[in-house]
1. Compute the Cα gyration tensor for the stretch 3-252, then decide on rounded, prolate or oblate, letting a ≥ b ≥ c be the square roots of its eigenvalues: rounded whenever a/c is under 1.5, prolate when a/b is larger than b/c in the other cases, and oblate in all that remain.
2. Mind sorting 344, 109, 257 by how few other Cβ atoms lie within 10 Å of their own Cβ, fewest first?
3. Please compute the length gained on full extension between residue 208 and residue 242, using 0.36 nm multiplied by the number of residues separating them and subtracting their Cα-Cα distance.
4. Quick one: Cα centre-to-centre distance for the stretch 1-50 and the stretch 164-240, in angstrom?
5. Modelled label-to-label distance, residue 390 and residue 290, 7 Å Cα→beta-carbon offset: nm?
6. Taking R0 as 30 Å, what's the FRET efficiency between residue 69 and residue 341 from their Cβ-Cβ distance, rounded to 0.05?
7. Sorting 476, 74 on the 10 Å Cβ count, fewest up front, what's the list?
8. Indicate the gyration tensor shape class of the stretch 183-258 (rounded, prolate or oblate), computed on the Cα atoms with a ≥ b ≥ c the square roots of the eigenvalues: a/c under 1.5 is rounded; otherwise a/b larger than b/c is prolate and the rest oblate.
């Protein structure tokens, strides 16, 4: 079996037994990138030289048995939204096209500290605004399963790299479904932790009250390994949760016998692709066969979630992206008559169409005379969405839903219709509004209550062990 087809835990076992070196593993993945990335276009930047140096250090750690973790010597990629010291961080935007941070984000720092090897930075929708990775300022990423289809978004590069075996794991961000939806489109595992479980320090902000970092992996065991490394309190992030991080792998073997799995009636809606609905209902039967009890639940404010999200998220984006003005870093258009003219020309040429659209929507909703009618009202309904989940989890342990209403759609199919594109995240947005964890596995989405990733992973693992979906690979 090729090294690039192995999971984190399989590679870790081989590395610990000295059957292979970290340098050999890294070279195998770099070779795989060279072989297939022209077909997927998953990476914006590949850091081959730095990766081999990191692999040599990992081999030293393994030889000395010094601070070895399950991630030591494991090649990973990160979405190009995480600051990486000495490596450009673009957010797939022209306005940050040549930005090289002087520090690592906390997530990257934790991965490096665990001995992981950074292969490079993956493509994304510009500033994480999109559901198809067609909004990248540089190029579109293609789905490894079908190159005429999108890989999902905004973390489409990470999902595609994972599906095409161009890394052993990847890290994305999820503001309204940007880990879970591309994971579903590309047939991999994508985990969005509880808001605050993973530090946002050094992760370029889109919507600060919604953004959360999480892993893409080949299976649920790997997701548990990655979350253990990434999670934890960070004093540099004021929203970071100060709670002990458990060994998430210890939850997996418990199975789902006796667990109550909530089935929300609002998530099986008119207009859903019949094949998607059948696949999800088949998955529910698998959970039932494994001993779970399926119980009906209601999340009555689901119908307002998309509207609420696109007011809260755009308002926060308008505020966060105000810093890109050509003064301190990033693009500056110098052909300007005065300072205000420079601001306008820099932002006009630096931002893409979708980013401009969301900045304008957010600025409007925060403007005098409209704040209470739009942003304030959306914030109040957001509380009702969260309360829906709080009530539902009093009668069930986890909630199972579709991840997206359709399978991966064709490139260009929705790019000219923003509203239809926004509806691609209809099943994932509520999770972010409530700040709860969720995992997408082939096939379906499992949600849990706050800081209860263990039960979410346990349920997903039970489903995974009863199916073969996670073993399938695209013929690329």
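1. Here the stretch 3-252 falls in the rounded category.
2. On the way: 344 15, 109 20, 257 10.
Listed from fewest to most nearby Cβ atoms, that is 257, 344, 109.
3. On the way: separation 34, 0.36 × 34 = 12.24 nm, distance 1.81 nm.
Using 0.36 nm per residue and subtracting the Cα-Cα distance, I get 10.4 nm.
4. A separation of 20 Å, based on Cα centres.
5. 3.0
6. It comes out at approximately 0.05.
7. 476, 74
8. oblate
Bear in mind these aren't lab numbers, they're just calculated from the coordinates by the rules spelled out. Treat the numbers as computed from the prediction; the structure is a model and nothing was measured. Here Cβ is always computed from backbone atoms with ideal geometry, including for glycine, and neighbour counts include all displayed protein chains.
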